[in-house]
Amino acid sequence: MDALWCVIPAAGRGVRAGGDRPKQYQPIGGKPMIRHTLERLAAHPRIAGIVVALAAADTAFEGVEAVGGKPLRTATGGGERSDSVLAGLLALPASVPDDAFVLVHDAARPCVRAADITRLIEDASQRDGGLLGAPLRDTLKRADADCHSVATEPREGRWRAFTPQMFRRGELTRALRLAAGAGIVVSDEAMAMERAGIAPLLVEGSEDNIKVTTPADFALAEFLLERTR
């Protein structure tokens, strides 16, 4: 398989992270989080280039055309993650055909391991695509409106979804457009593909592939970045 392009939706603000700027530009170890993510992806030998979907009014992204020797393009994202992913897919080079697999990765997951990316590419390329994740291991509770535990839910067959997620460019583009046309906001690419009748392969990845969401996550991400590759 040829090397794959990767789309990074980065048009959101990440308000739960606090701070005076979108969370993707808040520093981890003295460097903006998105820069850690870009460098980690670009270092992978199976990634050919990256498209970052930015907010229309974004002035913080550094205007570079390459990272780690790999080409970097930008696109104008939208109000929802799915809008930004679609914009990124449309901004891919014309040399990326509709039947080529494309990765989609969160800007806020800077700790993804190279070995997990490799496993996803190798396993999901034999199917209709897939995503990194991990089986749910904690006991799962259902809460009422007042945060009282009212039931214990079965955890068998339940997974936490991570990124990257990997699908064919044309199929993912169609699935995202179908969901948007139906007025459905999908939370990730796998949800769009599921609605289109495709069952993505779940590929188990490392649980330290955290999504930085709250202020406390930044310290954890800094710790993990020193210990994961």
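Just so you know, all these numbers are worked out from the coordinates, no wet-lab data involved. These figures come from a predicted structure and were not determined experimentally. Cβ: placed from backbone, ideal geometry, glycine included. Neighbour counts: every protein chain shown.
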query: What residue, among those in segment 118-154 that are in a strand (DSSP E or B), hydrophobic (A, V, I, L, M, F, W, C) and without any contact (Cβ under 8 Å) to a residue 60 or more places away in the chain, is farthest from Val203 (Cα to Cα)?
result: Val150
- prompt: For segment 178-191, does any single residue satisfy the condition of being in a strand (DSSP E or B), within 26 Å of Thr118 (Cα to Cα), within 14 Å of the chain's Cα centre (by Cα) and not basic (Lys, Arg)?
  reply: no
statement: Note: among Pro154, Pro200, Pro164, Pro215, just one is surrounded by 12 or more Cβ atoms within 10 Å (Cβ to Cβ), farther than 16 Å from Leu89 by Cα, out of contact with any Phe, Trp or Tyr (no Cβ under 9 Å at 6 or more places or on another chain) and not β-branched (Val, Ile, Thr), namely Pro215
- line: Log entry, pairs with first residue in segment 75-86 being touching a residue at least 24 places away in the same chain (Cβ under 8 Å), second being charged (D, E, K, R), beta carbons closer than 6 Å, six or more apart or on different chains, reads none
- request: Select from segment 27-75 the residues that are aliphatic (A, V, I, L, M), in a strand (DSSP E or B) and under 19 Å from Ala108 (Cα atoms) and list them in ascending order.
  value: Ile28, Ile47, Ile50, Val51, Val52, Ala53, Leu54, Val67, Leu72, Ala75
message: Being surrounded by 16 or more Cβ atoms within 10 Å (Cβ to Cβ) and over 10 Å from Val112 (Cα atoms) is the filter here; which residues of segment 203-212 pass it?
response: Val203, Val212
query: Ala56 passes all but one of (1) within 19 Å of Met166 (Cα to Cα); (2) of a type in the set (A, V, I, L, M, F, W, C); (3) loosely packed, with under 14 Cβ neighbours inside 10 Å; which number fails?
result: (1)
message: Condition check: in contact with a helix residue (DSSP H, G or I) (Cβ under 6 Å, 6 or more places away or on another chain) and farther than 29 Å from Arg35 by Cβ. Does Asp128 satisfy that?
response: no
